[in-house]
Amino acid sequence: MNDLFIYSVLTLSGIGAVAASILFVASKKFKVFEDPKIDEVEEELPSANCGACGFPGCRGFAEAIVNNPDDFDSFNCPVGGNDVMKKVAAIMGKEATEKEPTIAVLKCNGSRQNAPQKIIYSGEQNCALSHSMFSGESGCPSGCLGLGDCVDVCNFGALYIDEETWLPVVDEEKCTSCGACVNVCPRGLFEIMPRGKDNKRIYVACMNTQKGAAAKKNCKVACIGCMKCTKVYETDSVKVTNFCSYISPDVDVENYGSAIIASCPTKAILGVNVEEQKV
Amino acid sequence: MKTKTFTMGGIHPADNKLSADKPIEELEIPIEVQIPIAQHIGAPAKPVVKKGDKVKVGTLIAEAGGFISANIHSSVSGTVGIAKEIVGTSGYLEKVISIKVEGDEWEESIIKSDELKKEITLSPDEIQAKVKEAGIVGLGGATFPSHVKFAIPEGCKAEMVLINGVECEPYLTADHRLMLEKGEEILVGTSIAMKALGVDKGVIGIEENKPDAIKHLTKLAENYSGILIQPLKVQYPQGGEKQLIKSITGKEVTAGALPIHYGLAVFNVGTIFAVYEAVQKNKPLIDRIVTVTGKNVSKPSNYKVRIGTPLKELIEKAGGVPENTAKIVSGGPMMGKALTSTEIPATKGTSGVLLFSEKDTKRADETACIRCGKCSTVCCLGLQPFLFAALVRKRNWEKLEEAHVMDCLECGSCSYTCPANLPLVDLIKLGKIEIKKLREARKK
């Protein structure tokens, strides 16, 4: 009995020793060099694996940064923001350029109150499907369908559907501007835009391309392409194409923001932390 | 003759053919028609008239925008209005040509008489050109341009013409009435199609729930050489192209293949009647038969309707919208599309207008899928809808594509059968949309 015990231990130890030496030799001989910086960089990243940087996951992003140190400025992790990029820059021995923080905005204000429901959709509660069927419950072919594909796709819990308006709401604290909602919305209603100086920004909450009269029929707050906003701020930053105004983020919100908002007869221009000018 | 059917799957919904004994009535010409320029599969037609032009019945108003496209002719005589967009069957704004009706003056070249013309004088090439010129598309609902089916691709040879008189969708009776009232014309039309394709065999498949049509056509067909009437078992979707081919010839059209690869060309009876009118009477496709029906509709009827007539005119003629109507569907109840407005004009693809009460259309609450497999049993293509549903809900598009979701013809048998009330067809449609996006992305 004792012999059996000793032989088993010896045989197993022998196999173990041989296998260990094979593994040792293999690990030395077939070693693939991997920059230790990749691990270090990955450590600093938020591990959201959201793809907002344009790479497949945080590991892919870390590899890309380490392998292309010369293009450091072209890389950005919008989720981690400036803090993370500073730490990554320190590892890489580079200087991080400060990037303006951004946020996703919904460019539609067609709530149940503003764009009343005319048709009832009873199919599967999904925007992409509903979009393929018809123009929407309010009749607006560009408006928000309110079925929450964006909510489903948000990795950060930064979106929810407001029960009263039936519109998705972006949580300013949680939104990392990863762009998942921009890609999933069948009507392309989200835009990633800078949060603005002192978190003040204005935007046109409408993307319809119908003529004014037709748009008004479906929604009280539709942009009717009246050009009034372009008169207040006469540069290319505010322009009307296809009967719909677009205000680019470089507009001077501090001085003209409230005037631009006030100029809109249908209240299609919304401001965040910008008061409407009292006339 | 012995009844035939397809072997895989199929369901038996209540047929509710309420308007089967109502003769086709001609609907009055409305005061204005709106004719969409995209009524067919393929490129939209290009308008060739402008505001203020005077047109007659049968005047070309938009010409085909490519090989897979179709001409569009004025269905009324009058003055062309300004170009505009109105909500169409798609649920979105569609470009239409609106025409204010003045009188009812026809192009001189069209023979208006109803007299039967049996003798086929045109050559096969001339027939194909005529079908193309007349803007004929598949009137069963898919609206595929018919002249494409007459152009046989290289390496293929036609052996048989199949005429689809199945009308397996519940409620619809337009084809049934047409077979009863225009039997001779349909048989001449079949002969025309046979001549154009150079074949000597034609089979008209009719479901057994239309015994009068089978009897009528069988009797008439004795005078036409090479045409057979084939009774088919009542089994949805008997009228699907692949199912019809399987039932009649026993051949199985594989995924991605066309019937012509098997030597077959399939036409709907409505289409074949239009072919008859185009070839023998020189009449373009300007009207069609539309069934207006529903359990609460006071006068379920079959109307001969000019293309572009607002559907509300048809509904009014049939007794108006019943009080508790919750849904109006264009086409059949299984595969039709819910409409968003009654102002939508009748198009070449409008086979029926169904008015459903809330009770008829209410979706039952969904419960958990227990993988009982009933959906697979009834699937006429042997697919696995329960798997599609699970994969769509998990957003696993690659696996979904591997499971052949793109072959699904969306007949609705699975949704009809599911004991857990899963919206299977909805989910399959969603899966197809996402896979199409994926394929686009791969191309880039």
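The values are calculated or read from the model by the stated rules, or taken from the named source; none is laboratory data. Quantities reported herein were computed from a predicted structural model and do not represent experimental measurements. Ideal geometry is used to build each Cβ from the backbone, glycine not excepted, and the neighbour counts take in all protein chains shown. The protein model used for the area step is the full one, side chains on, heavy atoms only, and it has no ligands, DNA or RNA in it. Shrake-Rupley method; radii C 1.70, N 1.55, O 1.52, S 1.80 Å.
Please enumerate the residues belonging to segment B:372-404 that are within 19 Å of A:SER130 (Cβ to Cβ) and of a type in the set (A, V, I, L, M, F, W, C). Walk me through how you get there before you give the answer.
The initial filter retains those residues of segment B:372-404 that are within 19 Å of A:SER130 (Cβ to Cβ), namely B:388-389, B:392-393, B:395, B:397.
Once the filter is applied, which keeps residues that are within 19 Å of A:SER130 (Cβ to Cβ) and of a type in the set (A, V, I, L, M, F, W, C), segment B:372-404 yields B:PHE388, B:ALA389, B:VAL392, B:TRP397.
What number of residues within segment A:128-144 are buried (at least 23 other Cβ atoms within 10 Å of the Cβ) and either away from every other protein chain (no Cβ under 12 Å) or under 21 Å from B:LYS394 (Cα atoms) (or both)?
Selection size over segment A:128-144: 4.
Has segment A:77-87 got any residue that is part of a loop (DSSP other than H, G, I, E, B), more than 30 Å from A:ASP39 (Cβ to Cβ) and open to solvent by less than 20 Å² (accessible area, probe 1.4 Å)?
Taking segment A:77-87 and keeping what is part of a loop (DSSP other than H, G, I, E, B), we get A:77-80.
Filter again for more than 30 Å from A:ASP39 (Cβ to Cβ), leaving none.
Looking for residues that are part of a loop (DSSP other than H, G, I, E, B), more than 30 Å from A:ASP39 (Cβ to Cβ) and open to solvent by less than 20 Å² (accessible area, probe 1.4 Å), one finds none in segment A:77-87, hence no.
Among the listed residues B:LYS84, B:LYS100, B:LYS149, identify the single one that is surrounded by fewer than 16 Cβ atoms within 10 Å (Cβ to Cβ) and either modelled with pLDDT under 95 or not basic (Lys, Arg) (or both). Show your work before the answer.
Numbers: B:LYS100 fails: either modelled with pLDDT under 95 or not basic (Lys, Arg) (or both); B:LYS149 fails: surrounded by fewer than 16 Cβ atoms within 10 Å (Cβ to Cβ).
Of B:LYS84, B:LYS100, B:LYS149, the one residue that is surrounded by fewer than 16 Cβ atoms within 10 Å (Cβ to Cβ) and either modelled with pLDDT under 95 or not basic (Lys, Arg) (or both) is B:LYS84.
Quick check on segment A:224-273: of everything there that is outside any strand (DSSP E or B) and under 23 Å from the mean Cα position of the chain (by Cα), which residue is surrounded by the most Cβ atoms within 10 Å (Cβ to Cβ)? Don't jump to the end; show me each part of the working.
Pass one, segment A:224-273, residues outside any strand (DSSP E or B): A:224-237, A:242-243, A:248-268, A:273.
Applying the additional criterion that residues be under 23 Å from the mean Cα position of the chain (by Cα) yields A:237, A:248-251, A:253, A:268, A:273.
Numbers: A:SER237: 16, A:SER248: 12, A:PRO249: 17, A:ASP250: 10, A:VAL251: 20, A:VAL253: 22, A:ALA268: 28, A:ASN273: 13.
This residue is A:ALA268.
May I ask you to list the residues in segment A:213-222 that are buried (at least 16 other Cβ atoms within 10 Å of the Cβ) and either farther than 29 Å from A:ASN273 by Cβ or within 14 Å of chain B (Cβ to nearest Cβ) (or both)?
Answer for segment A:213-222, where residues must be buried (at least 16 other Cβ atoms within 10 Å of the Cβ) and either farther than 29 Å from A:ASN273 by Cβ or within 14 Å of chain B (Cβ to nearest Cβ) (or both): A:ALA214, A:ALA215, A:ASN218.
Please count how many residues of segment B:295-327 are within 26 Å of B:ILE72 (Cα to Cα) and free of Cβ contacts under 8 Å to residues at least 60 places away in the same chain.
Summing the residues that are within 26 Å of B:ILE72 (Cα to Cα) and free of Cβ contacts under 8 Å to residues at least 60 places away in the same chain in segment B:295-327 gives 3.
Pairs only if they're at least six apart or on different chains, beta carbon under 8 angstrom, first in segment A:52-74 and more than 18 Å from A:PHE156 (Cα to Cα), second of a type in the set (Ser, Thr, Tyr) and outside any helix (DSSP H, G or I); list them, first residue then second.
Close Cβ pairs (under 8 Å, with a partner that is of a type in the set (Ser, Thr, Tyr) and outside any helix (DSSP H, G or I)) amount to A:ASP73/A:THR97.
Do we find a residue being open to solvent by 40 Å² or more (accessible area, probe 1.4 Å), of a type outside the set (Phe, Trp, Tyr) and within 11 Å of chain B (Cβ to nearest Cβ) anywhere in segment A:88-108?
Checking segment A:88-108: not a single residue is open to solvent by 40 Å² or more (accessible area, probe 1.4 Å), of a type outside the set (Phe, Trp, Tyr) and within 11 Å of chain B (Cβ to nearest Cβ).
Please go through segment A:130-147 and give me each residue that is of a type in the set (A, V, I, L, M, F, W, C) and in contact with a helix residue (DSSP H, G or I) (Cβ under 9 Å, 6 or more places away or on another chain), ordered by number.
From segment A:130-147, those of a type in the set (A, V, I, L, M, F, W, C) are A:133-134, A:140, A:144-145, A:147; that's our starting set.
Residues satisfying the conditions are A:MET133, A:CYS140, A:CYS144, A:LEU145, A:LEU147.
Picking from B:GLY140, B:GLY155, B:GLY189, B:GLY135, which residue would you name as being of a type in the set (Gly, Ala, Ser), assigned by TED's automatic domain parsing to the domain that holds B:GLY226 and in contact with a Leu (Cβ under 9 Å, 6 or more places away or on another chain)?
B:GLY135
Of the residues A:GLY143, A:GLY196, A:GLY225, which is out of contact with any Cys (no Cβ under 7 Å at 6 or more places or on another chain) and small (Gly, Ala, Ser)?
Details: A:GLY143 fails: out of contact with any Cys (no Cβ under 7 Å at 6 or more places or on another chain); A:GLY225 fails: out of contact with any Cys (no Cβ under 7 Å at 6 or more places or on another chain).
Result of the check over A:GLY143, A:GLY196, A:GLY225: A:GLY196.
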